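Inspection log for the structure reproduced underneath, given as structure tokens.
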Amino acid sequence: MDCLPASVSRPLPPAAGAARALYRPAADPSAGAAPAAPRRPAVVHPESLHPGVWLGHQLGRHADAAVPSGFALLDAQLPGGGWPRRVLTELLLPHPGVGEIRLLGASLVATQQAGRLVMLFDPPAQLSALALARLGFDVEQLLVINTRARLIAGSDSLWALEQALKSGHVGAVLAWLPPRLRAERLRRLQLAAHAHDGPAFVLREMSAAQRPTAAPLRLGLRANGADALAVHVLKRRGPPLAAPVQLALPPVLSGTALQRARSSAVRANVGTAGAGPTGVGVAGAGPAGVALAGGEPAGVARAGGEPAGGEVAGRPGPDGLHAATFVNLAAG
């Protein structure tokens, strides 16, 4: 006769057996196979977390694709490989006409060819439609805005530029800013540029290099000959660059004008009376329209020329460019 109850001698159901197996002691590792090695977490590089994060020895990146400058040597030193979008790019000049138009020409022409508007604000001298056309510009589609043709107390000459950036409908902007601009005004332009899907270039005097800037990219330009430009990277998202980038600009001067410009540079180097620093000519020293020495082509930055103000919006001025005079009466 079985001395144990029938309920005990019966086999356990599968569910109960599985539950009891959970409480069994673990097997001795020395008796069986070695346990699996713990998985190491994947290495996460900080610069891969966000476009605004980069290591000190790296160039920063941009969420939007950069606009190629047309100069491979320069693109290699610019974060993102070209001119950034949605931010300001600040160019510092010793004087107008060192080659800034030819430096920016390739990117501005590409913007026009994409069917977008290019706006130029307050050029310091009258522009030449012929010279711009030689660089590839469609002068019929360029719009020049003169906000400082009339000075009115209490007006804000940068209001039109700020609104153009905020609109998001302009392809590229090139603006010559007034000297000694307050830091908060530049910061407002930088904030407005966040809505601008394209490059935004602001040109300032060289002495501004001693003051901080809200622009994430700041370059200093100096003429290095009739068709050469030295670009100093003063600020960028990345490591500092000690040596300037030497660029060969597209030649647009005629043979005679180029020879005269070189002669002017030689006279400046040997100390001609009244000449400026090496390679920088005196306004009006050469033939009319040629020389802010070694810089822009004939007529692009004419020495002593006045802005084409007073034109009716949408109608070409005497230089063939569409110009408009804008005066904002709102207090800045």
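Would you work out if segment 134-258 is rounded, prolate or oblate? Take a ≥ b ≥ c from the square roots of the eigenvalues of the alpha-carbon gyration tensor; rounded if a/c is under 1.5, else prolate when a/b is larger than b/c, oblate otherwise. Oblate, since a/c reaches 1.5 and b/c is not below a/b.
Full extension of the segment from Ser167 to Leu73, taken as 0.36 nm per residue of separation minus the current Cα-Cα distance, would add 30.6 nm.
Taking 7 Å steps out from each Cα toward its Cβ at Ala248 and Glu184 produces label points 4.9 nm apart.
Every number in this text was worked out from the coordinates using simple rules, so none of it is lab data. What you see is a predicted model; the values in this text were computed from it and never measured. So basically every Cβ, Gly included, is an ideal-geometry build from the backbone, and we count neighbours across all protein chains shown.
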